[in-house]
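The values are calculated or read from the model by the stated rules, or taken from the named source; none is laboratory data. Predicted model, so just to flag it, every value in this text is computed and none were measured. No Cβ is skipped: glycine too gets one built from the backbone with ideal geometry, and neighbour counts run over all protein chains shown. With ligands, DNA and RNA removed, areas are computed over all heavy atoms of the protein, side chains included. Shrake-Rupley method; radii C 1.70, N 1.55, O 1.52, S 1.80 Å.
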Amino acid sequence: MWRIRTTESMVLASLEAGRLQGFSGTFHVGMIVAPDRQIIGANDFPIGGGFVARRRLGQRSLYGSVGLTAGLLVHRADTDLGVVRRVDPDFQLPLKFAWTAGRVGLTVALLQGFSVRTRTYERRGVEVWKRIPYRIGLAIGLHFDVGVGRARPRRSR
């Protein structure tokens, strides 16, 4: 996960339910871990749901999708003054490319996120930790396709 000043690691799990092509529902939950934990021990937890438009690319098992999700960004920071907890609205625009071989496949995603507030922490009037609301990340992972129900063939004209 990249921001202007720092790079952070993120663990993300998402679930999409719907057709292989067309609109589907999606839900995601994740954890962003700040690398500068010796200064401020901060973690962000994006949670949200929304819609994804998915399309098959060519004749192979390659799919592309674009989505829009809305949810919450739960912020937790351990500072000198105690634990700070905040909740902000959060929006994500995931762009995904997926290749499937059987029921297991590889997914590459570009995740853009926006929460509505800049986070800053100061010590003695000097800014020691800052995160802007816009973030962009690259995710690479495995996905599992699980079919539910029978597939109905479409009639050709």
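Below, the figures for the structure above:
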| item | result |
| --- | --- |
| Which numbered condition residue 71 misses (of (1) buried (at least 16 other Cβ atoms within 10 Å of the Cβ); (2) farther than 22 Å from residue 8 by Cβ) | (2) |
| Residues of the stretch 106-149 satisfying the condition of being hydroxyl-bearing (Ser, Thr, Tyr) and under 16 Å from the mean Cα position of the chain (by Cα) | 107, 115, 134 |
| Neighbours by Cβ (under 6 Å, 6+ apart or cross-chain): first from the stretch 46-60, without any contact (Cβ under 8 Å) to a residue 60 or more places away in the chain and among the β-branched types (Val, Ile, Thr); second open to solvent by less than 90 Å² (accessible area, probe 1.4 Å) and part of a strand (DSSP E or B) | 47/29; 47/71; 47/72; 52/16; 52/24; 52/26; 52/65; 52/67 |
| Complete set of residues in the stretch 16-34 that are in contact with a Lys or Arg (Cβ under 9 Å, 6 or more places away or on another chain) and open to solvent by 80 Å² or more (accessible area, probe 1.4 Å) | 19, 20, 21, 23 |
| Odd one out for residue 66 among (1) under 16 Å from the mean Cα position of the chain (by Cα); (2) under 17 Å from residue 116 (Cα atoms) | (2) |
| Set 118, 107: member being out of contact with any Gly (no Cβ under 9 Å at 6 or more places or on another chain) and at pLDDT 85 or above | 118 |
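Residues checked against (1) surrounded by 13 or more Cβ atoms within 10 Å (Cβ to Cβ); (2) out of contact with any strand residue (DSSP E or B) (no Cβ under 6 Å at 6 or more places or on another chain); (3) farther than 16 Å from residue 34 by Cβ:
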| position | (1), (2), (3) |
| --- | --- |
| 84 | yes, no, no |
| 89 | yes, yes, yes |
| 97 | yes, no, yes |
| 100 | yes, yes, yes |
| 108 | yes, no, yes |
| 112 | yes, no, yes |
| 130 | yes, no, no |
| 147 | no, yes, yes |
